[in-house]
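These notes concern the structure reproduced below.
FYI, it's all coordinate maths here, none of it is from the lab. Predicted, not measured: the structure shown is a model, and the values here were computed from it. Reconstructed Cβ throughout: ideal geometry from the backbone, glycine too, with neighbour counts over all protein chains shown.
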Amino acid sequence: MVRSIALSSVFGYPFILYLGAITFISFSFTALLGYRYFTGRPLLPFKWHPRMAAASLTLAVIHAILGLSMFLGF
Ligand code: HEM
């Protein structure tokens, strides 16, 4: 069951909590890369901005599936 993955304990907290935090950090880093490129002080080559955007969205979709599993019972 997806629900049991979401709630499995990692260092005393549910896995979905860590995934949510990682997703937030990933989106923040995506925005930082875009902002730094926009202001002419790039942290990394521009190609990393859409790559990080895709990775962040993937994490968010997994996080959402785990979250919904708790309410929809799968
Ligand atoms: C989490 C938030 C963000 C996401 C998911 C995101 C995602 C994207 C994506 C998918 C593209 C298209 C890349 C491509 O053309 O291959 C893009 C382009 C761009 N982003 Fe972001 N972005 C975010 C935040 C920001 C921020 C905060 C800034 C700057 C203040 C920024 C600046 C830019 C710039 C300058 C481009 C290029 C636009 C162009 O092609 O002329 N992004 N972003």
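Report the calculated FRET efficiency for Phe15 and Arg41 (r = Cβ-Cβ distance, R0 = 30 Å), to the nearest 0.05.
On the way: r = 36 Å, r/R0 = 1.20.
The value I calculate is 0.25.
Using 14 Å as the cut-off for backbone N distance, which residues of segment 10-33 belong to the label zone defined by a point 7 Å from the Cα of Arg51 along Cα→Cβ?
Residues passing the 14 Å test: 30, 33.
Among Phe11, Phe29, Phe46, which one shows the biggest mean-square fluctuation in a GNM of the chain, springs joining Cα atoms closer than 10 Å?
Maximum among the listed residues: Phe11.
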